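Have a look at the structure below before the remarks.
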Amino acid sequence: MAQQFVFDSRLPVSNSLSLSDPNHPKNVSRTLKVTEMQSNADTKYDIIPPPRVEGFQNRHDAWLFFGAVCVVVIGLFILIRPLPLVFKFSCIAVVIFALNYAAGKLENRTV
């Protein structure tokens, strides 16, 4: 937590205190002003944090994910039935693509 320095100009300054002494009120206020200007100048060199990434932000893809899972389940039921070989190969290709899509979306959600 930053400390705030308050300087009261009404306080009397001792005559034995020289102007070159660092504890002289003029030197204290000058040093504080220089420090403040330096800290303000240094802020342009501060590291900018990367943008925050929220977890589970792919909410709009949920229907596509569940649709791909349904395609896989329906495709497996279709593959059980006796059908022509060409139709089974095309169904296998669709099921593999749907599994790949569902696995990719599941991986993105847990990262």
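Every number in this text was worked out from the coordinates using simple rules, so none of it is lab data. Owing to the predicted nature of the structure, the values given are computational and were not obtained by experimental measurement.
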Determine ³J(HN,Hα), in whole Hz, for all residues of the range 27-38 in sequence, where each value follows from phi through the Karplus function 6.51 cos²θ - 1.76 cosθ + 1.60 and θ = phi - 60°; x replaces Gly and Pro. 5, 5, 5, 5, 5, 5, 5, 5, 5, 5, 5, 5
Kirkwood Rh, Cα atoms: Rg over Rh of the range 59-110: 1.07
